[in-house]
1. For region 64-81, what does the Karplus curve 6.51 cos²θ - 1.76 cosθ + 1.60, with θ = phi - 60°, yield as ³J(HN,Hα) per residue in whole Hz, taken in order and with x for Gly and Pro?
2. Rounded to the nearest 500, what is the 222 nm mean residue ellipticity of the chain from helices alone, with -39500 (n - 2.57) per DSSP H run of 4+ residues and division by all residues?
3. Filter the trypsin sites (Lys or Arg not before Pro) in region 50-87 to those in DSSP coil with at most 15 other Cβ atoms within 10 Å of their Cβ, and list the result.
4. Across 10 Å bins from 0, what is the distribution of all Cα-Cα pair distances for region 18-73, in whole percents?
5. Given a 1.4 angstrom probe, I'd like the percentage of the accessible area of the chain that is carbon and sulfur, rounded to a whole number.
6. In whole Hz, what ³J(HN,Hα) sequence does region 109-119 give by Karplus (6.51, -1.76, 1.60; θ = phi - 60°), x for Gly and Pro?
7. So what is the accessible area of the chain per residue, in Å², with the probe set to 1.4 Å?
8. In whole Å, what are the Cα extents of the chain along the three principal axes, biggest one first?
Amino acid sequence: MTELKSDIAGSLVPMTKQQAVLTLEAAYLWMDLGKFDHARELLGGAAVLMPKSEVPQIALGTLEFNQGRYDKALQVFRRAQKLAPRAALPRAHCGEALLFMGKVNEAMKELKMALELEPDSDGARFAQALIEMKESGAIGARRAAG
């Protein structure tokens, strides 16, 4: 019997990158279908299987964010940030959650840090898009009750 080598650093069981991607994609499909419990179950398993990867944490934070639980999303994005402190994407997601919580100054600090950490990354592009949306008034502005 050949020993299966894991492509995912620090995974608890041997896991190829393709297996990890399929698991996460399935969870995103469940989210898109509004089956949040199924998505949470898959993502929780992925987070346990890949405890040193920020990717399942970002997905779990996205799940919370999509349900409007911005404070919970921020907590999960902060866990991702601790796993990958020099990565732009967790910071950009933290910034997004903070914007939706109305904490604009703190959000802008996170977004600008994402741009500094990895200027040419997807995380930086996401952060830049959020900054532009904030500056245009598309997000982060409190609406008057009417």
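1. 3J(HN,Hα) across region 64-81, in whole Hz: 5, 4, 5, 9, x, 9, 5, 5, 5, 4, 4, 4, 6, 4, 5, 4, 4, 5.
2. On the way: 7 runs with 98 residues, N = 146.
Computed ellipticity for the chain at 222 nm equals -21500 deg cm²/dmol.
3. Details: sites: K52, R69, K72, R78, R79, K82, R86; in loops: K52, R69, R86.
Here the trypsin sites (Lys or Arg not before Pro) that fit, given the DSSP loop and packing criteria, are K52, R69, R86.
4. 29, 57, 14, 0
5. On the way: 4810 of 8790 Å².
About 55 percent, which is the carbon plus sulfur part of the accessible surface.
6. For region 109-119, the Karplus curve yields 4, 5, 5, 5, 5, 4, 5, 6, 5, 9, x Hz.
7. Values: 8790 Å² over 146 residues.
Dividing the accessible area of the chain by its residue count gives 60 Å².
8. The principal-axis extents, from largest down, are 65, 34, 19 Å.
The values are calculated or read from the model by the stated rules, or taken from the named source; none is laboratory data. Keep in mind that this is a model prediction, so the values were computed, not measured. Note that we place each Cβ from the backbone using ideal geometry, even for glycine, and neighbour counts take in every protein chain shown. Only protein heavy atoms, including side chains, enter the accessible area calculation; ligands, DNA and RNA are left aside. Shrake-Rupley method; radii C 1.70, N 1.55, O 1.52, S 1.80 Å.
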